[in-house]
Each structure stands twice: as structure tokens, then as C-alpha cells.
1. Over 15 Å from residue A:73 (Cα atoms), touching a helix residue (DSSP H, G or I) at 6+ places or on another chain (Cβ under 7 Å) and more than 7 Å from chain A (Cβ to nearest Cβ) - does that describe any residue in segment B:35-44?
2. State the number of residues belonging to segment A:16-29 that are within 9 Å of chain B (Cβ to nearest Cβ) and under 11 Å from the mean Cα position of the chain (by Cα).
3. Among (1) closer than 17 Å to residue B:5 by Cα; (2) facing another protein chain (nearest Cβ under 7 Å); (3) in contact (Cβ under 8 Å) with a residue 40 or more places away in the chain, which single condition is residue A:32 missing?
4. Can you tell me which residues in segment A:46-70 are surrounded by fewer than 17 Cβ atoms within 10 Å (Cβ to Cβ) and at the interface with another protein chain (Cβ under 10 Å from one of its Cβ atoms)?
5. Would you say residue B:61 is within 17 Å of residue A:53 (Cα to Cα), at the interface with chain A (Cβ under 7 Å from one of its Cβ atoms) and modelled with pLDDT under 95?
6. Criterion first (free of Cβ contacts under 8 Å to residues at least 40 places away in the same chain and under 30 Å from residue B:56 (Cβ atoms)) does residue A:71 satisfy it?
7. Within segment A:76-102, work out how many residues are in a helix (DSSP H, G or I) and within 10 Å of chain B (Cβ to nearest Cβ).
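The values are calculated or read from the model by the stated rules, or taken from the named source; none is laboratory data. Computed from a predicted structure; not experimentally measured. For neighbour counting, all protein chains shown are included, and Cβ atoms are generated from backbone atoms with ideal geometry for every residue, glycine included.
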């Protein structure tokens, strides 16, 4: 068993563990905005699995695309989380900026 | 069964809680569960294409990741106005 194989297996196990942790978080957390945090966590699991494929296969057809998939998810994951949070806040309060000015005045 | 197929199976089991949250929790929680499930599915496709040595199948994972992001963004925007 080569060092590359061991590294790929370790990365795969780490990626899968992170995703399982994200699913546990999704099931265990009760508040909607708390649950939003696990979306970002899950994307890093996908990135680690993509890196595992790239380590095992080097920069080949599958290695490049697996890496691209992981990077795509990690880069656009926060955008998705932000958009979801903004939409949920707008849904709750009518405007996502509601109460922000009031909090600012209280702080100053 | 190699380690890639094992990981795909474990992550496939992880889709069940996502499905339950989608079905039983509020619509906002359902959207979050959908986002997590789409990430899980992309990872499953990566693991399966490597585990089964079907390298062209990796295109499915890449395409699915892109489309699921766009789909979730559309759902989030629609949810804002309660459509």
C-alpha cells in the first residue's frame, strides 16, 4: 500500500466524517439559523473527498473534476448560506434590514 | 466493496435524516436539509465514480453540484416571498 493510497484513504475518511457530522448536526439542532451552519460544514467534506480522488488519481480527468466539484461547493456554499439566511429573515420580518437600525442606536 | 463504495453507502444513509427533516420540519428547515442533501449527493457521485472506476461519471457530480446550487438559490428566493 503506497503513501498516496494511505493519504487518499485518510482524506476520504475525514471528508465522510465531516459530512456525517453535518447530518447529525442537521438532525440534532433545533433552530433554523443554527441548522444553516451545517451547510458550510458539509461542503468542506465534499472538498476533502474531491482532494482524496485527486491525490489517488493525480491530475487526470477524474482528479481535476472531483477537485473542481469540491472547490465549487466550498466557494459557492457561503453564498448559498447567506442567500438562504437573508431570505428567511425577509420572510420572518418583511425586510432583512428590519431592527438593524434599532440595534445600532442601542449600541451607540 | 472498496472504501469508496463504503463511503457512498454511509453517505447514502445520511440522506434519510435529510429526507425526514424535509418531510417533518418547517419549510425553512426543509430548504436547509435540501442544501445538505445536495452536497451529500455530489459527494456520493464522486465516491461512486471513483469506486466503480467509471471516470466519465464524474461529470454527473460536477453538473449536479452546479445545478443544485442554482436550484437552492432559486428556492431561497421564492421562499422569501412565500410563493
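1. no
2. Adding up the residues that qualify gives 2.
3. (1)
4. A:60, A:61
5. yes
6. yes
7. 16
Let's see how each residue does on (1) in contact with a helix residue (DSSP H, G or I) (Cβ under 7 Å, 6 or more places away or on another chain); (2) facing chain A (nearest Cβ under 9 Å); (3) farther than 14 Å from residue A:43 by Cβ:
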position: B:4; (1), (2), (3): yes, yes, yes
position: B:9; (1), (2), (3): no, no, yes
position: B:14; (1), (2), (3): yes, yes, yes
position: B:47; (1), (2), (3): yes, yes, yes
position: B:69; (1), (2), (3): yes, yes, no
